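The values are calculated or read from the model by the stated rules, or taken from the named source; none is laboratory data. Just so you know, these numbers come straight off a predicted model, no measurement behind them. Ideal geometry is used to build each Cβ from the backbone, glycine not excepted, and the neighbour counts take in all protein chains shown.
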Amino acid sequence: MAHVTSEKGIVGLGALGRALERFIPGHTSPAAVFFAVKAFDLETALIEHLGSWQKDLPFVIMSNGYVWPVIKKLRNRLGERPIRIGMTTMGSTIQSDGSLSVFHENSMTAWGHWPTDSGPLVQPNSNELKLIQCFPGGAWFDDIRPMIRQKWILNVVINSVAAAHRLPRNELLKNHRPEISEVLEEAVELANQLWPELGWREVEKKSIQERLWQVIDATSRNLNSMVRDVILGRPTESDYLAGLAKDYSGLTRLKSLHQTITSQPS
């Protein structure tokens, strides 16, 4: 089934896609195409849109999870098109009446290069830079990997623990502090495996721990999106988060969480 796509260049109009669309001016042609689809659906969405847009228009991948292997797999088919990896710390929720709530205080929406030898590093043009500035905390990074790594770690911890316990609100994560500390330690260890080229500074590790609890506080009343998926019996993005631990030794807490999430009945 084709992914719903807006005239503003948003592929996937769930909560994230609708939140992004809210900040894009409606009077100009798209300066980039945003893929706001689930990680497990990214490959299908990219293939679906390969010939739908002019070839110099950047594709900005906003999926949660470690999705770079999907990009590498499709690199030849994507050709010379600029590919960006993006992230946002905005919170977005579709309410029971269908309306959208967006929480963007002190948030950041950013995208940039994922330096690699498998494709060209095309710098943003003026239209793309103007588009970036439309978003709260909009920023471009010549190397987006450190930002993606931090966001990935936060998603692994928050989403995995909340989904495994089916917590109705993120604030209940505070009742699982010992477990969260263990999961965070394993998530950082797994991140070292996924991003071996980046290295670590001690200040980064401390920053991630502080940021984790800031995010939990900021989203305390929210129902976690992965919890919603588990409750509704829908596929989750756990394969691209805690589930990546299955390819490495140790990491028993992450493997256990992933098993719990993927085996729970709705």
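Show the residue pairs meeting these rules: Cβ distance below 9 Å; 6+ apart or different chains; first residue within region 34-54 and within 17 Å of Lys8 (Cα to Cα) and without any contact (Cβ under 8 Å) to a residue 40 or more places away in the chain; second residue hydroxyl-bearing (Ser, Thr, Tyr) and in a loop (DSSP other than H, G, I, E, B).
Within 9 Å, the pairs are Phe35/Ser63; Ala36/Ser63; Val37/Ser63.
Would you please name the residue that is nearest to Arg169 (Cα to Cα), looking only at residues in region 206-234 that are among the charged types (D, E, K, R) and not in a helix (DSSP H, G or I)?
Here is the first cut: in region 206-234, the residues among the charged types (D, E, K, R) are 206, 210-211, 217, 221, 228-229, 234.
Restricting the remaining residues to those that are not in a helix (DSSP H, G or I) gives 221, 234.
On the way: Arg221: 5, Arg234: 19 Å.
Filtering first and then ranking leaves Arg221.
Among Val183, Val188, Val203, which is the only one that is surrounded by 19 or more Cβ atoms within 10 Å (Cβ to Cβ) and either at negative phi or assigned to a helix (DSSP H, G or I) (or both)?
None of the other options fit; the residue is Val183.
Of everything in region 23-39, what is in a loop (DSSP other than H, G, I, E, B) and not polar (S, T, N, Q)? Give them in sequence order.
Phe23, Ile24, Pro25, Gly26, His27, Pro30, Ala31, Ala32, Ala36, Val37, Lys38
Which residue, of Leu13, Leu20, is hydrophobic (A, V, I, L, M, F, W, C) and assigned to a helix (DSSP H, G or I)?
Values: Leu13 fails: assigned to a helix (DSSP H, G or I).
Just a single option satisfies the conditions, and that option is Leu20.
I want to confirm something. Restricting to region 84-111 and keeping residues that are assigned to a loop (DSSP other than H, G, I, E, B) and of a type in the set (S, T, N, Q), which single residue is nearest to Leu13 (Cα to Cα)? First the steps, then the outcome.
Filtering region 84-111 for residues assigned to a loop (DSSP other than H, G, I, E, B) gives 89-90, 95-99, 104-108.
After this cut, where a residue has to be of a type in the set (S, T, N, Q) as well, the list is 89, 95-96, 99, 106-107.
Numbers: Thr89: 17, Gln95: 14, Ser96: 16, Ser99: 13, Asn106: 24, Ser107: 20 Å.
Going through the qualifying residues, I end up with Ser99.
Could you pull out the residue among Pro168, Pro136, Pro196 that is within 23 Å of Phe103 (Cα to Cα), part of a loop (DSSP other than H, G, I, E, B) and not assigned by TED's automatic domain parsing to the domain that holds Tyr66? Walk me through how you get there before you give the answer.
Values: Pro136 fails: not assigned by TED's automatic domain parsing to the domain that holds Tyr66; Pro196 fails: within 23 Å of Phe103 (Cα to Cα).
Result: Pro168 is the single residue among Pro168, Pro136, Pro196 that is within 23 Å of Phe103 (Cα to Cα), part of a loop (DSSP other than H, G, I, E, B) and not assigned by TED's automatic domain parsing to the domain that holds Tyr66.
Pairs needed: first member in region 137-154, farther than 16 Å from Gly199 by Cα; second member anywhere, surrounded by fewer than 19 Cβ atoms within 10 Å (Cβ to Cβ) and among the hydroxyl-bearing types (Ser, Thr, Tyr); C-beta distance under 8 Å; at least 6 residues apart or different chains.
The qualifying pairs are Gly137/Ser107.
Looking at Gln133, Gln123, Gln54, which is the one that is touching a His at 6+ places or on another chain (Cβ under 9 Å), exposed (fewer than 15 other Cβ atoms within 10 Å of the Cβ) and at pLDDT 90 or above? Spell out the reasoning first.
Working: Gln133 fails: touching a His at 6+ places or on another chain (Cβ under 9 Å); Gln54 fails: touching a His at 6+ places or on another chain (Cβ under 9 Å).
None of the others qualify; the one that does is Gln123.
Working only within region 229-243, note down all residues that are surrounded by 19 or more Cβ atoms within 10 Å (Cβ to Cβ) and either closer than 14 Å to Thr260 by Cβ or of a type in the set (A, V, I, L, M, F, W, C) (or both). Steps first, answer last, please.
Restricting attention to region 229-243, the residues satisfying the condition of being surrounded by 19 or more Cβ atoms within 10 Å (Cβ to Cβ) are 229-230, 236-238, 240-243.
Hits for region 229-243 are Asp229, Val230, Thr236, Ser238, Leu241, Ala242, Gly243.
Only residues that are surrounded by fewer than 18 Cβ atoms within 10 Å (Cβ to Cβ) and part of a loop (DSSP other than H, G, I, E, B): list them for region 139-153, please.
Result: Asp142, Asp143.
Taking the stated definitions as given, is Ile132 touching a residue at least 24 places away in the same chain (Cβ under 8 Å) and touching a Phe, Trp or Tyr at 6+ places or on another chain (Cβ under 7 Å)?
Values: touching a residue at least 24 places away in the same chain (Cβ under 8 Å): no; touching a Phe, Trp or Tyr at 6+ places or on another chain (Cβ under 7 Å): yes.
No.
Does Val67 satisfy being touching a residue at least 24 places away in the same chain (Cβ under 8 Å) and surrounded by 16 or more Cβ atoms within 10 Å (Cβ to Cβ)? Lay out the reasoning, then the answer.
Details: touching a residue at least 24 places away in the same chain (Cβ under 8 Å): yes; surrounded by 16 or more Cβ atoms within 10 Å (Cβ to Cβ): yes.
Judged against the criteria, Val67 is a match.
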